[in-house]
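Trainee: Take this structure, written in structure tokens, and hold onto it; I'll ask about it next.
The values are calculated or read from the model by the stated rules, or taken from the named source; none is laboratory data. All values derive from a computational prediction rather than experimental measurement. Virtual Cβ from ideal backbone geometry, glycine too; neighbours counted across all protein chains shown.
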Amino acid sequence: MIRHRRLAAVFCLVAALGLGGCNGVQPPGKRGGDAKETKPAKKPNIVFVLTDDLSWNLVPHMPQVLAMQREGLTFDDFLVADSLCCTSRATIFTGRYPHNTGVRTNFPPDGGHQVFKAKGGEQASFAPLLQKAGYRTALLGKYMNGYRPHDTQGGPGPYVPPGWTEWYVTGNGYPEYNYNMNENGRIVPYGSRPQDYLTDVLAAKSLDFIRRAKGSSQPFFMEVSTFAPHGPFVPAPRHAGKFPTLRAPRAPSFNEADIRDKPSWLRSHGLLRRPGIARIDAGFRDRVRMVQSVDEMIGQIRTTLKDLGLDRDTYVIFGSDNGFHMGEHRLAGGKMTAFDTDIRVPYIVVGPGVRPGHRVGETAQNTDLAPTFLELGGVRPPPATDGRSLVPFLRGGRPSDWRETALVEHVKPPPSPEDPDRQDSLPGAPTTYNALRNDDLLYVEYANGEREYYDRRRDPHELNNIVRTLPEQRRRYLSDLLYALTHCTGETCTTAGRSR
């Protein structure tokens, strides 16, 4: 009962600030930026290139992505609601926070494809809605952790989820070779030849889809979901010798000198020594080498769209499911933390009406992608959607009631030999936490009672945890707001997120 009163109180606090109705309920028709039922003469095509573990520090090595920045819009503060593959993808597909998708880890009982499907995630995905709105839809590459291409899911053949017109998806594509792909219900094996390199296979299939779509009256949505640059960091042979002297960036947080103010899970890490730093540098070089194939694919897609006269009607969106740390805060390699290295990711858009070289400083999240795709397709997002459409930003505007504070939530997964991110769930990785993040601050509450607070304006690299200096009233307010966001759904997420 106390918790329920606390939740009501924080929503009324938000209302008192003039940001919404008490208990977070907005008057009908007042949700700024929402999609409306429209029937444009020509619905745009959408190409979504989603990478795996791609961090901002790789973008300077991607000339095609840099070209997208010059020619389009960059979201400078795009955050993921959880820096973990499967949870992030469940949020991308549905526009819902992890506490509402029910997907909290990569594998059962708290996550993975099996849980996503069982909790209705596939029906709640943007794909069936776009398909119903007349779109030809295609997914290529990675789907959800735990998805196996050969599984029939009780049907007559290999399973293809609802909403996808074309399906070219594999399960374990991390090594980039020797994988099986479900190609529209038919299993096709790929080996270890150079032409079997997965990112290149996805590039070829994406170009084939676009060329065939040219002759159709249907608009199309295509998601190309690479496994690159996720470990084990296998570049294409043509890129394997590039960048021989490159080192991982040395941000102020790299091999942080003093971590006595950090939570106990991080204080257990000693200073990185020379061999460990050498491994980090080698891993960073291979990550840069891996994304060369992704970058080439982006260039090929954009060139093909232009050659076919489709570029004027097509949005191309580039992004990542989560970030990746390599040496920051003494952490060798991984994700799952609430630090910006892990939760702040690139999102860049080119397309009709998008201003060249434009940058957006407002906080966007992966909860916003599904409602964005739906609005572009003329579909109203379902009421349970926690995010908001980014379309106003694509058109050069800014909703007056946009969020100011984002939620980040994470459940520490148990170690699993199947989990490609198992190194991040071992001792020395972050415990379960919830966090608030905005321009001013990062505030984290761990399940064991520990807390973090960083003044991001004075300390953008999140070096000094000053939670002990917070006045009790301020700490209580942040805790109440965090509680409200971790229990929000739909409209209440929008309302609570407007508060700092």
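Trainee: Provide a single number: the residues in the stretch 197-249 that are touching a Ser or Thr at 6+ places or on another chain (Cβ under 8 Å), part of a helix (DSSP H, G or I) and not β-branched (V, I, T).
Mentor: The qualifying residues number 7.
Trainee: Quick check on the stretch 371-379. Is at least one of its residues assigned to a loop (DSSP other than H, G, I, E, B), in contact (Cβ under 8 Å) with a residue 12 or more places away in the chain and not β-branched (V, I, T)?
Mentor: Yes, because at least one residue in the stretch 371-379 is assigned to a loop (DSSP other than H, G, I, E, B), in contact (Cβ under 8 Å) with a residue 12 or more places away in the chain and not β-branched (V, I, T).
Trainee: It is to be established whether one or more residues within the stretch 157-165 are part of a loop (DSSP other than H, G, I, E, B), hydroxyl-bearing (S, T, Y), surrounded by fewer than 22 Cβ atoms within 10 Å (Cβ to Cβ) and under 19 Å from the mean Cα position of the chain (by Cα).
Mentor: No; the residues of the stretch 157-165 include none that is part of a loop (DSSP other than H, G, I, E, B), hydroxyl-bearing (S, T, Y), surrounded by fewer than 22 Cβ atoms within 10 Å (Cβ to Cβ) and under 19 Å from the mean Cα position of the chain (by Cα).
Trainee: Let me ask something else. Taking the stretch 386-431, which residues are buried (at least 18 other Cβ atoms within 10 Å of the Cβ), modelled with pLDDT of 90 or more and more than 23 Å from C488 (Cβ to Cβ)?
Mentor: Across the stretch 386-431, the qualifying residue is only L394.
Trainee: Could I ask something else about it? Within the stretch 250-273, which residues are farther than 11 Å from H329 by Cβ, of a type in the set (S, T, N, Q) and either in contact with a Ser or Thr (Cβ under 6 Å, 6 or more places away or on another chain) or part of a loop (DSSP other than H, G, I, E, B) (or both)?
Mentor: Within the stretch 250-273, S268 is the sole residue that qualifies.
Trainee: Another question, if that's okay. Restricting attention to the stretch 278-315, and to residues there that are free of Cβ contacts under 8 Å to residues at least 24 places away in the same chain and under 30 Å from R330 (Cβ atoms), which single residue is surrounded by the fewest Cβ atoms within 10 Å (Cβ to Cβ)?
Mentor: Per the stated criteria, the residue is A278.
Trainee: Now for a different question. Among the residues in the stretch 460-475, are any buried (at least 17 other Cβ atoms within 10 Å of the Cβ) and at positive phi?
Mentor: yes
Trainee: Now a separate question. When the residues of the stretch 92-105 are narrowed to those that are in contact with a Pro (Cβ under 6 Å, 6 or more places away or on another chain) and of a type outside the set (G, A, S), which ends up surrounded by the most Cβ atoms within 10 Å (Cβ to Cβ)?
Mentor: T105
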